[in-house]
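Please treat every number below as a calculation from the coordinates, not as lab data. Remember, it's a predicted structure, so these values are computed and weren't measured experimentally. Here the Cβ positions follow ideal geometry from the backbone for every residue, glycine too, while neighbour counts run over all protein chains shown.
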Amino acid sequence: MKNLQQLARRRRVAELYLQHHTIEDIAEQLKLKPATVRRDLKAAMDDWRASTPDIVAQARARDVRNLELLQRTFMEAWQRSTTDRVVVKREQQTVTNPDGSTTTMGPAKLVQTREAQVGNPAYLQGAMDCIRERNKLLGTYVDPLGDPLNPGNDNPMNGRGTGTLVIRVPNGGAVEARVTGPQPEDE
């Protein structure tokens, strides 16, 4: 019973603190010593910090799952946009009369043709954006433009020098690849 009362008190202390009450105000309002309020706040913060990684991991997993579904939707839309389009036109033979008017001859017929489609690039861009955002969430994203804070570096992606591309993976490992860009000519 004491633990339930203590948890309820800690919750109330935290609520008041989040409402910008001072420790002294909380102690006076709840008839506690300021040291007890400080201990309760520390315990509440410790509990919050302990639960935060689980909450963050769950949110990250949900966001990754949603990005994968969105990526799949973009890819399916792109695939549909590459399918040949069937066009059906109604054709009927017409004859121009000597007075300039036209007369239709015979029954109308439907003519079906296929138009090749190359695919909508916006769908591919959407899929690529999903991949980039998922990699950011997982910690495996590498900026292809290099370090924006050090634009003069010898990043092979900016056309100079050599470098090692490191891709971090969630289990703490890494994959490395040596990359060589074009070398500047001697002047």
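For the reader, a short list of remarks on this structure follows.
- Cα convex hull volume per residue for the range 2-77 (Å³): 108 Å³
- Listed residue (PRO34, LEU67, SER51) projecting farthest to the positive dipole end of the range 2-77, Cβ model: PRO34
- Between THR94 and ARG114, the FRET efficiency estimated from the beta carbon spacing at R0 = 30 angstrom works out to 0.75.
- The loop-placed trypsin sites (Lys or Arg not before Pro) in the range 1-91, going by DSSP, that have at most 11 neighbouring Cβ atoms within 10 Å of their Cβ come out as LYS31.
- Estimated FRET transfer efficiency (ARG60, HIS21; beta-carbon r; R0 22 Å; 0.05): 0.05
- Charge tally in the Cβ shell below 14 Å around LEU67, where Lys, Arg are +1 and Asp, Glu are -1, LEU67 excluded: +3
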